[in-house]
Amino acid sequence: MRTDWTRDEIAALFDLPFTELLFRAAQVHRAHHAPDQVQLCTLLSIKTGGCPEDCGYCAQSVKADSGVEATKLMDVREVLQSAAQAKDAGSQRFCMGAAWRNPKDRDMPAIVEIVKGVRAMGMETCMTLGMLTPKQAGMLAEAGLDYYNHNIDTSPERYGDIITTRSLDERLETLDHVRSAGINVCSGGIVGMGETRADRVAFIHTLATLPRHPESVPVNALVPIRGTVLGDMLADTPLAKIDDIEFVRTVAAARITMPMSMVRLSAGRESMSESTQALCFMAGANSIFTGDRLLTAANAGDDADAALFDKLGLAPLEGAEPLRACAAQTV
Ligand code: SAM
Ligand code: DTB
Ligand code: SF4
């Protein structure tokens, strides 16, 4: 797989006539994935709020006045109950998020138990816990964690406007520890934070030129949450909302530059039309979050998704075994 994409090449993809870009992305998608299948994933916030980081989009930052209450890490048993419910509802992948800058070593035994328990149910596991040390990444790998989510969020140029309490380099360092531990990398970002197209190009470029592509690339549309810097900005200037076609272009660019990766249509579907979501699937998105809640924000809900799948003739991804980081990308 090519990891030597230039920004100019990616900008040229974004500049293509929309139907041409969509056609090319769909061709790449078909070569590597079943175009009529979409993976169903469920999110659970296992530790909510009170996060010391200042990510301008996030309701869980202590800097946000969003009304989200801080909680402690959930009991292992409760998490496993939630995972079992998600599995019963047809979900194949269980993604767990904690509002931490980084996990403390004393949190790790419970986290390890959770990973083992969810895996034992036959679900794919993903965790997002903030920055990791190499030792913590090793513990998660040993527990059998399939993916670790750690987003780069935006372009290198814009990173410091969105988050000041950590750097992009620190983010990349954790991705390196995850990769070295043999866990699949899940890394993407958010579109619609008032960035330019050049930022979106640079965001995709950063991911597509990592030494190995992330096996999983979540593309979130900003969910504007009142009390966060970016949520307030968007609520006060509705014209700043990302154009749907530009969002689809970003999904298509991710698909073309990272052909084997799971491209995940993540947050923001609730305010997207069915037609826009259909275009995202055409452009190569092959995963969604189901259920009526993301971490803190509302999500489309199972009934709406079942109706959408029915309308579009889509089926849940069949029996996919998680990729293993070491075996991936041999094509
Ligand atoms: N604390 C961990 C971290 O930041 O890596 C994990 C949780 S964090 C909520 C996971 C990701 O969710 C963020 O990196 C961001 O890309 C996405 N996210 C958070 N709030 C969002 C929002 N309001 N709209 C869209 N995506 C959001
Ligand atoms: C990702 O990229 N998107 C998910 C998951 N990784 C953890 C989180 C979306 C959060 C949306 C806002 C909220 O629920 O607070
Ligand atoms: Fe904390 Fe993650 Fe939210 Fe940033 S995105 S404030 S690190 S929970």
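Read-outs: derived from the displayed coordinates by stated rules, not from any lab. Remember, predicted model here, so these are calculated numbers, not experimental data. Cβ sites come from the backbone with ideal geometry, for glycine too, and all protein chains shown count toward neighbours.
Things worth noting here:
- Using distinct alpha-carbon pairs, which all enter the 1/r mean, Kirkwood radius of the stretch 176-331 in Å: 16.6
- Total charge dipole magnitude, the stretch 117-260, about the Cα centre, Cβ charges on Lys, Arg, Asp, Glu only, Debye to nearest 20: 240
- Projected label points at residue 81 and residue 108, each 7 Å from Cα along the beta carbon direction, are separated by 2.9 nanometres.
- About the Cα centre, charge dipole magnitude for the chain (Lys/Arg +1, Asp/Glu -1 at Cβ), debye: 620
- Modelled spin labels at residue 101 and residue 318, positioned 7 Å past Cα toward Cβ, are 4.9 nm from each other.
- Using θ = phi - 60° in the Karplus curve 6.51 cos²θ - 1.76 cosθ + 1.60, the 3J(HN,Hα) couplings for the stretch 218-235 round to x, 10, 9, 9, 3, 8, x, 10, 4, x, 9, 4, 6, x, 5, 4, 6, 5 Hz; x is entered for Gly and Pro.
- The ratio of the alpha-carbon radius of gyration of the chain to the globular-protein estimate 2.2 N^0.38 Å is 0.92.
- The stretch 1-96 shape via C-alpha gyration tensor axes, a/c threshold 1.5: oblate
- Between residue 303 and residue 32, the modelled labels are 3.8 nm apart [label points 7 Å from Cα along Cα→Cβ].
- Among 82, 18, 68 the positive-end extreme of the charge dipole of the chain (Cβ point charges): 82
- Backbone amide hydrogens, once placed in the peptide plane, bring residue 60 within less than 5 Å of nothing, excluding anything fewer than 5 places away on its chain.
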